[in-house]
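Notes for the one structure printed next.
Quick note: the coordinates plus some simple rules give every number you see, no bench work behind them. Since the model is a prediction, treat every value here as computed from it, not as a measurement. As a convention, Cβ positions derive from the backbone with ideal geometry for all residues, glycine included, and neighbour counts pool all protein chains shown.
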Amino acid sequence: MKYWKGIEELESAPEFMQSAFAEFMPVKESHESSDATSAPRRDFLKLMGFGVAAATLASCETPVRKAIPYLNKPEEVDPAISNFYASTYFTGSDYNAVLVKARDGRPIKLEGNPESPITRGGLSARAQAAVLSLYDGGRLQHFAVKKNNSHEKVELPAFDREVRSKLAATTGRIAIVSPTIISPSTKKAIAEFATRYPSTTHVMYDAQSASGLLQANNGVLPAYDFSKANVIVSLGADFLGTWISPVEYAKQYVVNRKVSSTKRTMSRHFQFETAMSLTGSNADVRVPVKPSEIGAVALALYNAVGGNGGSSSYTNPQLTKAAAELSANRGSSLVVSGSNDPAVQALVAAINQTLGNLGTTVDLTAPSNVRQGDDARMAALVNEMNNGTVGAVIFYNANPVYNHPLAEKVKSGIAKVPLTISLNDRLDETGSLCQYAAPDSHWLESWNDFEPKRGYLSLSQPVITPLFATRQAQESLLHWAGNNTTYYKYLRANWRGVTPTDAAWDKAVHDGVATGTALPAAPAMLMAALSPAVAASQISGAAKPSGIELALYEKVGLSATGCEANNPFLQELPDPISKATWGNYLAVPRKMAVENKWEQGDVIKVTANGHSVELPVLIQPGQTNGTVSIALGYGRTQAGKAGDKVGENAAPLAMTANGIQYMNVVTLAKTDATSPIAQTQTHQTLMDRKPVVQENTLAKYKENPKEVTEYEKVATPDGLEAPGKVSLWQDYQYNNHHWGMAVDLNSCIGCGSCVIGCQAENNIAVVGKQQVINRREMHWMRIDRYYSSDTHKDSFDTKGKVATYAAMEDPSENPQVIFQPMMCQQCNHAPCETVCPVLATTHSSEGINQMTYNRCIGTRYCANNCPYKVRRFNWFSYYSNEKFETVNGHMFTDLGRMVLNPDVTVRARGVMEKCTFCIQRIQLGKLEAKKQKRRPKDGEIVTACAQSCPTEAIVFGDMRDPESRISKLLRREDGERAFHSLDSINVQPNVTYLTKIRNSESEFFAKENA
Amino acid sequence: MNSNRLRSLPHLLLALLLTFAGAQQALAQAAGATADVKTQGVVPGATAAATPATATAPAAGGGDAAAIAAGDALFKGNCAQCHAVNEQVVGPALGGITKRRPISWILPWVKNSSKVVAGGDDYAVALFNKFNKQQMPSFALSDKEITSIVAYITSQEGQANPGVTAQNAAKTDGADAGAAGGTEAGAGKYVDILLIVLVVVLIVLVVTLVIIGNLMKDVLRGRKDLDGRDIEILEQRFNWSKFYHSPAMRGVVGTVFALVLLYEGVQSVMAVGLTQGYQPTQPIAFSHKLHAGEHQINCAYCHTSVYKSKSANIPSANICMNCHSQIKTESPEIKKIYRAIERHQPIQWVRIHNLPDLAYFNHSQHTQVAGLQCQTCHGPIQNMEVVYQYSALTMGWCINCHREMPLNTKDNKYYDNLVKLHDTKNAGAPFTVSSNGGTECSKCHY
């Protein structure tokens, strides 16, 4: 089987091969060092002379540093000791229960809250990065009123007086526009506002709308349980990456995906989708379909499992297989769809009903609340705004001017509304058009409650006093309604029912979660659910679009709302599949690119709805032929320094006929421009050897778990031996601890949560688009994504020569994907250690390959000698070089620096850095144990990546402790799935991978290993 | 005559030089003596007493050792703010409390003193009035806890160092070392006086000799019976010009000069960034000598997080107010604290010990786990009127200690197996910090 990281590598293009194993691209630095070329030598000498004198003078006097203690120290806050507070992350898309790590009163890291029955300690990449948004200097820092086209600061009392009098004088409807709100108390506050101003209506809309799903289920969002499903069929739902509640679903999904020699069963996952999504890349069987075909697929599936919906235009052998397996697993199967077409969702609901999945994998009694937006209501409001019947509109964290497909109409509507108020946290695209701006506090500065699922409550509590002169939106609404209470008191009173006693309340605040229900029912959907028959006829009656189809999708990092756009962590998080950072692009199938002679980076003009955007081409393996796709959430213009003008906004390309449909028919036209895409996919390419990553099939695993992994042997005079048997090195003896990590490739879904967790924990710099193109990204941890296809000449007999050759010709049509988290392997025989001329990288007595920044002189020998390419060099002072102020701004200001982890050095220019196994956490854990005069407990010391992983794919622990999880796991998997990447070079890593097992019927594995 | 006098001047200068060289040497010796004190300070005596909660105080007054130990911790945590055992602080000295009052009186008093006063107990009312009607706060302690405190107090009664707690007991070691330093310093003074006397005597001797020499010469010149050779000897003069032009002389002087220059150069370069002895003026003239030295207030009473955190915090103003709401309220220095509190302006102390950001240091590791004394690194803090940086705080200084210092593995289950392993492999060699990986890079740099 051939593994490849990108199209360039697959094609072995000469330009690519030239630089494939170079660590960095040859960089033309002209734009960076123009001053150096023109500066004459004499100036240099002068400067140097002055510099030396200045340095001498500076070193004579030690700067006076102040130590400023508290005036009145809070009892539980001790300098340099971190406190954890339970809270909740929900910004209108995914819900995560979090623990906030606060150091000296400032939040520095978010971690999953294991108490939560929903996310159970997992945390998405977006939530991991959210702590940075707190210190975002792009937030509006005071109340403001628009005067002469610019917002001017006003004092709060005057602001409130003005708004109140204007609201009282409003004739016509008052509308509050927000994304989905799952906070019972917020809804109550809005209701109180509505009592004071009776013409008020609350309109919720979602930028990633699930209106169709809501409509099909009579206004509720079914709760799914993927852990109970043996067969999962997803029709375009990216439930592991972005759809509804990805962390919750990933946790469930992986329960049935983990295997061991005692549990040799797995769920089977079919995915029918257009663009290659995170979920699709994890599927056992992935079938590319056009967006317009999803309805036909649903109909065909409905027919095949016993429904009667008339004939469907779609046939596919995999669909037949999927239907057969679904029928064989009644009550333990699950069909989901990401489509926003009510007809498709009605059929999916009918399929689940037919299969008897209600009450097992689909739960309508405890539905999810995280999507409540009704597209029809929002569309109606937009029309009313334009008709002039709306007297006032309040935008509460809603940015329809940016993220609604009818943005133009929203814009014109706002101009016609007499009173417009924005509660958004910044003067964004919508907020800047409003007359009044009453910025909401960040959720880390606020009290709030949440009910993500009926019966499951959750709280957020302020961890820091508001950094700016902002006020919680709920409090603003209450004030304007004439209720001058604080929101805390309001919330507390509202919770009397759930927590009658102070002790119960304290427990709820401490745990961050509680059981009980408080959320009022969402208003009924404007449109009623369709019956399966009507839905079927609608689908089969739909006109088949001709032309190139566009699919709009959401990135794992940035949500379609665009609210995280100014978060540089997320902008630089490589997309799990394309590995692209900083901006969106037009993903096209290879066939289309070849036919049109497009190359990666060529800018194409995409036109639909009379609106066009210009985006560079990215050749995406697995993209359905005849389709293209674009990510939403980019192209902000008023997000802030880091987020502005990154990519293009594709929201106006969506169809708005029947709710928002994230697809359209587009025309493409090549422009003369090119625009490079900052992809990390082929960077840090490993040595070209086969056993970097290993996989096999479930069938083989069932047969004999000992044969799924290929162990390399090396030739010795005594015959073939395991590589570890032959060594020139002396082995280390580990008396105290021996830290090790195991990564289960079967559980890893590639979501990137660990990458952001690592970045936040270790003060890793953001480098920006140009430096990523130069292969200088600084992430200590990357997730390598390999494509592979199982077409092989062995299938000549079964499939015929012509077909096989055709398939072999284009392996990128629908490749398999495998993810491999790659960080420093902490080799016991580390090649980097031997080449360092100054002993800046050395081996510790606990098995860790230590990197001493203050000793490093930057020869980069170590990086050259690293077979895994995991070392990162600081080419610049990312914390002080003004070139990086836009992207790495948080390291430049006192405000932003508050997010840095004080236990980890900010690395200077010219030094090497790399994964340390979170040495600061190890040291802290050991110290705590020593203070309590005991050995550290297993699970007490975990790295940031292991801790953030929603699927528990990463296990970290002490391999010297025979009872630790990692020791047990490695004992169990030894000789079965456990392998070291590049075992034959015998560097003896302390990171062990477990072979990925696929539940697909690939003949390839069977033949290869027979 | 004049020329004669002048001629003898070089001799005089030489003699003076010699005397000063001698004095220098003597001074150097004295410095060596202080250096010894320093090294003595680095090797602490009593490390066992470092853990406040479990420290065992000598059971002088009898009683259960465990109860006394528990009482010790409780006393420090609750009572030491206002009471000492043998000295009146904010409240009365508690020594002999069992003789003055029965336990049945003490228990309700500690739990709620105002109730006892209100109840009209004569002793209580007298006490209340004696201490300016200042109430003792109520303590939610159990009977057993109060009894253990009393047991502790009894055990501490009449000891040499009043109000000695386990910490202070340990600290007295440091104090002793300081005192030893003091005596040595005293001895140094005698040496100085002796030296000065010697120098004076020498000068007198030299001057006398020169005078005698000149007199003798004059006498000889007066004699007429001298032959040419004698006159030659008599009028012999040292050939300075030859000496000045001698290559050997020039070489020696040149080499010495170069060496001195080099030495001084290296020394001054090595001292760049070193702030040993740094003693900035603080915004409030707080005296550690008074608080830690004379009043024996436990370091951890103010530096609350020294046993649990990376940083040994500078106390917040509310800790000062525990005592200074009552004591010395008129002092202009204390008034600065009041002003800070009134204006909500925290006090900006000047930081003395500044480690570079690239070095990680954790106080609790050294105090709680290793059981080191504060004085080990901070020097005789109890004698410092104004605190200065006692140790060099260089990497060499850290590493040396890590190489030499045996690990404090006593009663710590973390180390049990390691000690066994170490002993089986290389018994005899001390189990030092570095033999457990304490000199590895990433122990301090990450």
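Out of the DSSP beta bridges found with both residues in chain A, what percent are antiparallel (nearest 5)?
Here the antiparallel bridges make up roughly 60 percent for chain A.
With r defined as the distance between the Cβ atoms of residue B:66 and residue A:72 and R0 fixed at 51 Å, what FRET efficiency is calculated, to the nearest 0.05? Each step should come with its number before you reach the end.
Details: r = 36 Å, r/R0 = 0.70.
Efficiency for this residue pair is about 0.90.
Between segment A:186-250 and segment B:75-146, how many Å separate their Cα centres?
What the calculation gives is 64 Å, centre to centre.
Near residue B:335, which lysines are there with a Cα under 26 Å away, not counting those fewer than 8 places off in the same chain?
Within the straight-line limit of under 26 Å, residue B:335 reaches these lysines: A:66, A:73, B:130, B:133, B:289.
Obtain the nm distance between the two label points defined at residue B:133 and residue A:669 by a simple spin-label model: each point lies 7 Å from its Cα along the Cα-to-C-beta direction.
Taking the two extended label points, one gets 9.4 nm.
Can you tell me the relative contact order of segment A:826-879? Whole percent, Cα pairs under 8 Å, sequence separation 6 or more.
Values: 61 pairs, mean separation 17.2, N = 54.
Normalised by residue count, the contact order of segment A:826-879 is 32 percent.
Over all residues in B:365-371, what is the mean tally of Cβ atoms on other chains that come within 10 Å of each residue's Cβ? Let's see the in-between values first.
Numbers: counts 5, 0, 1, 5, 7, 1, 0.
Taking all residues of B:365-371 together, the mean is 3.
Would you calculate the separation in nanometres between label points at residue B:214 and residue B:192, each defined as 7 Å from the Cα along the Cα-to-beta-carbon direction?
If labels sit at residue B:214 and residue B:192, their model points lie 3.4 nm apart.
Quick one: of A:258/A:996; A:251/A:968; A:930/B:443; A:409/A:544, which pairs are farther than 20 Å apart, Cα to Cα?
Details: A:258/A:996 10 Å; A:251/A:968 22 Å; A:930/B:443 15 Å; A:409/A:544 28 Å.
From the list (A:258/A:996; A:251/A:968; A:930/B:443; A:409/A:544), the Cα-Cα distance tops 20 Å for A:251/A:968; A:409/A:544.
Could you give the distance between the Cα centres of segment A:627-665 and segment A:288-335, to the whole Å?
Their Cα centres are 30 Å away from one another.
Tell me, in nm to one decimal, what length is gained between residue A:191 and residue A:614 on full extension, where the rule is 0.36 nm per residue of separation less the Cα-Cα distance? It would help to have the intermediate numbers written out before the result.
Details: separation 423, 0.36 × 423 = 152.28 nm, distance 4.34 nm.
Working it through step by step, the gained length comes to 147.9 nm.
Using DSSP, restrict attention to beta bridges with both residues in segment A:545-679 and report what percent are antiparallel, rounded to the nearest 5.
On the way: 19 of 28 bridges.
Once the DSSP bridges in segment A:545-679 are tallied, antiparallel ones form about 70 percent.
Could you work out, residue by residue across A:923-931, how many beta carbons of other chains sit within 10 Å of that residue's beta carbon, and then give the average as an integer?
Numbers: counts 7, 2, 0, 3, 7, 2, 4, 11, 10.
Mean shielding count: 5.
Quick check on chain A: helices-only [θ] at 222 nm, where DSSP H runs of length 4 and up contribute -39,500 (n - 2.57) each and the sum goes over total residues. Nearest 500, please.
That comes out to -7500 deg cm²/dmol.
Given a Förster distance of 35 angstrom, what is the FRET efficiency for residue B:284 paired with residue B:403, based on the Cβ-Cβ distance and rounded to 0.05? Walk me through the intermediate numbers first.
Details: r = 39 Å, r/R0 = 1.11.
With R0 = 35 Å, the Cβ-Cβ based efficiency is 0.35.
Could you pull out every one of the aspartates and glutamates with an alpha carbon less than 16 Å from that of residue A:453, ignoring same-chain neighbours closer than 8 positions?
A:94, A:115, A:225, A:248, A:363
Using Cα-Cα distances under 8 Å and only pairs 6 or more residues apart, what relative contact order does segment A:545-679 have, in percent?
On the way: 315 pairs, mean separation 49.5, N = 135.
Result for segment A:545-679 is 37 percent.
Taking a spot 7 Å from the Cα of residue A:711 along the direction of its beta carbon, which residues of segment A:811-850 have an amide N less than 19 Å from it?
Counting only backbone N, you get A:828-829.
Can you compute the modelled spin-label distance between residue A:365 and residue B:339, with each label point 7 Å from Cα toward Cβ, in nm?
7.1 nm
Taking a threshold of 20 Å on the Cα-Cα distance, which of the pairs A:645/A:883; A:933/B:420; B:76/B:310 fall above it? Don't skip to the end; give the middle numbers.
On the way: A:645/A:883 17 Å; A:933/B:420 16 Å; B:76/B:310 22 Å.
Violating the 20 Å Cα-Cα cut-off are B:76/B:310.
May I ask you to derive the relative contact order of chain A, considering only C-alpha pairs under 8 Å and at least 6 residues apart, and to give it as an integer percent?
On the way: 2248 pairs, mean separation 148.4, N = 1010.
RCO, chain A: 15 percent.
Kindly state, to the nearest 0.05, the FRET efficiency for residue A:932 paired with residue B:426, given R0 = 22 Å and r defined as their beta-carbon distance.
On the way: r = 28 Å, r/R0 = 1.29.
It comes out at approximately 0.20.
Counting Lys and Arg as +1 and Asp and Glu as -1, what is the net charge of the other residues whose Cβ lies under 12 Å from the Cβ of residue A:435? Provide the component values of the computation, followed by the final result.
Values: positive: A:146, A:147, A:166; negative: A:152, A:162.
Around residue A:435, the charge tally is +1.
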